[in-house]
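Accompanying notes for the structure given below.
The values are calculated or read from the model by the stated rules, or taken from the named source; none is laboratory data. The structure presented is a predicted model; accordingly, all values stated were derived computationally and were not measured. Quick reminder, even Gly has a Cβ in these numbers, built from the backbone with ideal geometry, and neighbours come from all protein chains shown. These area figures cover heavy atoms from the full protein model, side chains too; ligands, DNA and RNA do not enter into them. Shrake-Rupley method; radii C 1.70, N 1.55, O 1.52, S 1.80 Å.
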Amino acid sequence: TRARRGREGRGGRNKTPTTNPRRTMASPVAHALSLGARSLGSRRVDRSSRLRRRPVDGHARSSSHRRSLAVAAEGKKVVFVGGTGRVGSSAAAALLRQEPGVALVLAGRTESSFAAAVERHPTLRSTSCAFAACDCSDRASLASVIAGADLVVHSAGPFQGGGDECAVLDAAIANGVPYLDVCDDAEYAKTCKSKSKTAANAGVPCVTTGGVYPGVSNLMAAEMISQNRASADSSSSAEADAGANEVEYVLYNYFCSGSGGVGDTILATSYMLCGEDVVCWDKGERVVTRPATQRKVVDFGKKCGKREVFLYNLPETTSARETWSAETVKARFGTNPGLWNGAMALMANLVPKETLLSKDFARSLATFTAPIVRAVDAVVGERTAMRVDVKLKGGALAGAIYNHPRLSEAVGDATAAFCAAMLRGETDPGVWYPEEAGAVKDRARLLEAASVGCDNYEMNKAAWMLESKPINLGFGMYIEL
């Protein structure tokens, strides 16, 4: 209904755009003046823009630009548990590009999986990268692998169904090693968060859900909220209302073509999400509903256009509620072709929840469907996009878009950006969600590194400024560029 769309902040194109910072975000010029030249509020990255100042392709950026994002990580050791998988190996390769001096250990079950990872990412064929056999269910094995590390990165999913029961996190805290995971499960993230006091007492910095989404998406929301709160604080006291800086809503929307080129583990994760009830918040009320429901069409801007997305139980919903007490928080995801969305909805409605949450069933189904999924991927590609919209109770609205041609590269760049921030010492002791103040001190720098390969990246803009611009071909047909 129209009322529901308004409540969730969907909105449409404003007939008369306003630059009032209390009704929308400030203009790019205003952000440059108030937040400095490095502010992301004024940054717009688009290959089609004739005004861009430098290439947006990560491989095309100059070495001097890479050095500006790098940290002095010479000799530091980073262990990737699950590093021979697609997410872990992509993140390791991205970190090695950012930090050539870092020493990497890719921990996995078999050396053959390490060989496959090197085949996917030839840059890992380096004396700086080594393999270590590791079994997450064996605590002694974990302790041996992470001993002496400066950071351990956990990407050995699926995290659904309890995952490894936080064995890697426990080992990291016990051995005094900073910890980062790419968890995408709400319950697992909550369990990690419950260990924050233990980590703080041990002096160990930890971040959970630190990938691309969740992860970078959380930081995009945090940066917009921070910038718009600062804008509201700078207004006159006569204009300021009590509670104007409180968060009214945070809406996360994600899209990925096909499977995004991910492995069977991520496919299994997707199937298990169909068995989890969705927990979200609507106007201050906690709502529990079925997954793959509440369809919504979201405009992901240039290079992607409008896509259908559906509710799923994702950890950033809970963390946004806990961090900002936002009245409305929802996270939606959709894929292409639409047939996959329909299949997920059917699965959520017809297959018993207990079956879907079974790791063995999910892995078997992922293995069975993988050839079909790969065939479709070859046609539709692996483009991924995020759109994050926030609103403060004082009326300030802001939106952001992250649009990348390859999910497999995006998740690597994003995870590596979190690694670099932690190696710089930006994380306080404890267990943090990405958007919390203790997780990352320099959000702008991390977002800059994570968006290196984007071909459309917009931060802190009005909704109408984010929309794609379809070309009318006639006879009711449009093409979005």
Margin query: If I model a spin label at residue 350 and residue 277 as a point 7 Å from the Cα along the Cα→Cβ vector, what separation in nanometres do I get?
Written below: 2.4 nm
Check: Between residue 469 and residue 174, what FRET efficiency follows from the Cβ-Cβ distance if R0 is 60 Å, with the result rounded to 0.05?
Finding: 0.65
Next item on the list: Mind giving me the nanometre distance, one decimal, between the label points for residue 339 and residue 138, set 7 Å out from Cα along Cα→Cβ?
Entry: 4.3 nm
Notebook entry, point to check: In a shell of Cβ-Cβ distance under 14 Å around residue 362, excluding residue 362 itself, what net charge do Lys and Arg (+1) and Asp and Glu (-1) give?
Noted result: -3
Next item on the list: Quick one: pull the percentage of alpha-carbon pairs in segment 138-241 with a separation above 21 Å.
Entry: 45 percent
Item checked: Exceeding the 32 Å Cα-Cα cut-off - candidates 441/469; 77/190; 330/359; 306/441 -> 441/469; 306/441
Notebook entry, point to check: In square angstrom, rounded to the nearest 10, how much accessible surface does residue 114 have for a 1.4 Å probe?
Noted result: 30 Å²
Margin query: Counting pairwise Cα distances across segment 251-344, what percent come out greater than 18 angstrom?
Written below: 46 percent
Notebook entry, point to check: Considering every Cα-Cα pair within segment 419-462, what fraction, in whole percent, is farther apart than 14 Å?
Noted result: 54 percent
Notebook entry, point to check: Can you pull the Kirkwood radius for segment 269-312, inverse mean 1/r over Cα pairs, to one decimal in Å?
Noted result: 11.9 Å
Check: For segment 176-320, what relative contact order do you get, as a whole percent, if you take Cα pairs closer than 8 Å and at least 6 residues apart?
Finding: 23 percent
Notebook entry, point to check: Counting only Cα, what are the radius of gyration and maximum Cα-Cα distance Dmax of segment 183-296, in Å?
Noted result: 18.2, 57
Notebook entry, point to check: Put a dot 7 Å past each Cα toward the Cβ at residue 441 and residue 246; how far apart are the dots in nm?
Noted result: 3.2 nm
Next item on the list: Give the span of segment 72-139's Cα atoms along each principal axis, as three whole-Å numbers ordered largest to smallest.
Entry: 34, 26, 19
Margin query: Per-residue counts of other Cβ atoms within 10 Å, averaged by peptide: what ranking do you get for 87-93, 329-335, 137-143, highest first?
Written below: 87-93, 329-335, 137-143
Check: On average, how much accessible surface per residue is there in segment 117-259, in Å², for a 1.4 Å probe, leaving out ligands, DNA and RNA?
Finding: 36 Å²
Note to self: Please compute the alpha carbon radius of gyration of segment 78-213, then divide it by the globular-protein estimate 2.2 N^0.38 Å. Two decimals is fine.
What the structure shows: 0.98
Margin query: What figure, in Å² to the nearest 10, do you get for the accessible area of residue 314 with a 1.4 Å probe and non-protein molecules left out?
Written below: 20 Å²
